[in-house]
Amino acid sequence: METTISLEIPGRICLMGDKVDLLGKPVIAMAINLMMKLNYIARSDNIIEFYSHDTKERIKFNLGDSPPRDNDLGYWSVLYERLKEKITHGFLLEVKSDIPIGVGLSTSAAISVGFLRTMSKAFSFNLSNNEIAELAYLGENHDLGIQCGRMDQYSIANGGITFIHTNENPRVEQLDISSLPIVVGDSIEERKAVLVLNRIKRQIREKNSLTLDAFKIIEDCVKQGKQALLKSDFKKFGMYMDIQQEQEIILEAATEKILKLCKAAKNAGAYGAKQMGAGGGGCMLAIAPGKQEEVARAIEKAGGRAWIFKIFKYEY
């Protein structure tokens with residue numbers, strides 16, 4: 001057992017297939033080089049302390065107790081509950097993140113995966129990437145009641161660019177891609193993802209034909225997009241991004257600001273552009289080989305904040 005541990009956990013972007021993981025359909029995701037840092041220090045007593053440098057939230061409790069979950073570190077609290085019979089001594093765990101909160105780059109999955117990766121190392125649990133991902137999903141979805149699929153957790157736990165089968169028997173395919181000319185834009189607007197997700201989930205339950213037809217088209221974009229990526233056919237991949245964005249408009253998940261950023265990216269030379277995540281604001285992305293800098297400037301001129309990310313891969 002180690003007494004001090006420092007880990008970095010990536011954020012993620014969805015390249016194709018946003019929201020279809022609600023139906024257990026495949027998605028394509030990419031771990032990005034925007035990091036969350038966790039530091040663990042073992043204690044000789046039975047005190048456990050969680051601390052976030054970003055939100056200033058602090059939780060302190062005794063080994064074996066049930067920590068509160070109605071706070072910013074509730075992700076850790078519910079996962080601790082799942083593991084506490086195997087945790088044998090106190091510790092301090094703190095987090096500091098470069099991943100912006102609430103813009104759709106998956107801070108919640110990163111903090112969950114980071115906790116489990118740290119606990120596995122600290123207490124020799126030897127959890128696999130997919131075991132970590134599934135536990136993180138269960139903590140968010142089942143324990144905290146967050147309306148999420150499995151994409152975020154499996155993408156962040158595995159790193160790289162992944163084709164993820166998100167059904168009840170999750171499976172991850174690593175795509176052999178070393179770089180990707182992607183630009184991400186934040187719309188810098190109030191995000192209403194929960195409202196969008198709740199409405200779409202209701203429409204799925206009601207078997208709304210427009211919603212289900214849009215999901216089928218997005219699912220096809222994922223499958224075709226995978227082949228385009230493996231062939232480095234970025235123009236065709238951009239075409240599938242545009243087709244998915246058309247479905248996002250049908251789903252009423254797009255905002256005027258997101259559409260403005262997508263249009264600015266296309267006008268600056270991007271092959272395709274689409275929003276990310278649930279919708280209702282947040283981020284979009286564009287594929288723009290040789291034009292990343294121009295597209296980033298265009299996004300910022302249109303009122304967004306732009307990043308050019310690299311693929312994050314774990315070093316084992």
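The values are calculated or read from the model by the stated rules, or taken from the named source; none is laboratory data. Computed from a predicted structure; not experimentally measured. With ideal geometry, Cβ positions are generated from the backbone for all residues, glycine too; neighbour counts draw on all protein chains shown. Please note that ligands, DNA and RNA were not included when accessible areas were found on the heavy atoms of the full protein model with its side chains. Shrake-Rupley method; radii C 1.70, N 1.55, O 1.52, S 1.80 Å.
General observations
- Residues of the stretch 67-80 satisfying the condition of being in contact with a Lys or Arg (Cβ under 8 Å, 6 or more places away or on another chain) and among the polar types (S, T, N, Q): 77
- A single entry from 131, 189, 140, 173 fulfils the requirement of being assigned to a helix (DSSP H, G or I), closer than 28 Å to residue 310 by Cα, open to solvent by 40 Å² or more (accessible area, probe 1.4 Å) and charged (D, E, K, R): 131.
- Of everything in the stretch 113-123 that is farther than 25 Å from residue 194 by Cα and among the hydrophobic types (A, V, I, L, M, F, W, C), the residue that is surrounded by the fewest Cβ atoms within 10 Å (Cβ to Cβ) is 123.
- The one condition in (1) surrounded by 15 or more Cβ atoms within 10 Å (Cβ to Cβ); (2) among the acidic types (Asp, Glu); (3) part of a loop (DSSP other than H, G, I, E, B) that residue 21 fails to fulfil: (3)
- For the stretch 54-112, residues that are surrounded by 19 or more Cβ atoms within 10 Å (Cβ to Cβ), polar (S, T, N, Q) and in a loop (DSSP other than H, G, I, E, B) total 1.
- Residue among 175, 105 that is modelled with pLDDT of 90 or more and either touching a Cys at 6+ places or on another chain (Cβ under 7 Å) or among the hydrophobic types (A, V, I, L, M, F, W, C) (or both): 175
- The listed residue being under 19 Å from the mean Cα position of the chain (by Cα), hydroxyl-bearing (Ser, Thr, Tyr), closer than 30 Å to residue 315 by Cα and at pLDDT 95 or above, out of 162, 166: 162
- Count of residues meeting criterion [open to solvent by 30 Å² or more (accessible area, probe 1.4 Å), among the charged types (D, E, K, R) and within 25 Å of residue 196 (Cα to Cα)] in the stretch 220-258: 7
- Breaking point among (1) in a helix (DSSP H, G or I); (2) open to solvent by 50 Å² or more (accessible area, probe 1.4 Å); (3) hydroxyl-bearing (Ser, Thr, Tyr), for residue 211: (2)
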